[in-house]
Amino acid sequence: MKAVRILAGTLAAFATAAPAVAGDARREVERVPAEIIRETRGAITMGEMHYFEEEYDQAMPHLVVAAERGFKEAQSQLGSIYLNGLGSTEKDIVQAIGWLGVAASGESRPGIVELYENVMATIPEQHHATLNQVVEQFRDAYDGNRTRVRCTFNRLEGSGRDALHCRFIDAAHYTEFSAN
């Protein structure tokens, strides 16, 4: 019951506050510069390395860069950090739902979609409309259509594994990224 009261207070504060999303990903981009692509690739590498080593405080700044640029694994990992209060990050269901919601939208890995749906199923129905608005704000800011990132999901037959690949659609315009 205490968790529901805390959630209700958090959602009430969110409803009266400015959007909880940051960064400048909201503006339309004509072509993503090569430097941004390089920086994002580095952020993905460092963020995932620290995340899987359970060094969440070190992972956060890298994951934020990649997540704000539309990379779904980073969005999901950031959502998990907020959901569970990992490292020194306090639990924040609004941020968790925002990041998990955008990560689960469009072409995504089934595990990400399932996590998002499972978390939403634990939240009282009266809060869903507000949380759906949160997810919509995150999608407006950080969806791949906005950030010029395209994600594809492939189930690798016979291996029992699946793969979610996200890339900047503009990477093909630069010779250094054309083979990737």
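The values are calculated or read from the model by the stated rules, or taken from the named source; none is laboratory data. Only a predicted model underlies this, so the values are computations on that prediction, with no experimental measurement involved. Quick reminder, even Gly has a Cβ in these numbers, built from the backbone with ideal geometry, and neighbours come from all protein chains shown.
The residues in the range 41-85 that are assigned to a loop (DSSP other than H, G, I, E, B) and either crowded, with 22+ Cβ neighbours inside 10 Å or under 16 Å from the mean Cα position of the chain (by Cα) (or both) can be counted, and the count is 4. Beta carbons closer than 7 Å, at least 6 apart along the sequence or on distinct chains, pair a first residue in the range 160-173 that is farther than 23 Å from residue 113 by Cβ with a second that is modelled with pLDDT under 80 and surrounded by 13 or more Cβ atoms within 10 Å (Cβ to Cβ) for 171/177. If you go through the range 113-146, how many residues are among the small types (Gly, Ala, Ser) and either without any contact (Cβ under 8 Å) to a residue 12 or more places away in the chain or on the phi > 0 side of the Ramachandran plot (or both)? The number of residues fulfilling the criteria is 2. Condition first: surrounded by 13 or more Cβ atoms within 10 Å (Cβ to Cβ) and either touching a Ser or Thr at 6+ places or on another chain (Cβ under 9 Å) or at negative phi (or both). Now tell me which residues in the range 147-161 satisfy that. Those that are surrounded by 13 or more Cβ atoms within 10 Å (Cβ to Cβ) and either touching a Ser or Thr at 6+ places or on another chain (Cβ under 9 Å) or at negative phi (or both): 147, 149, 150, 151, 153.
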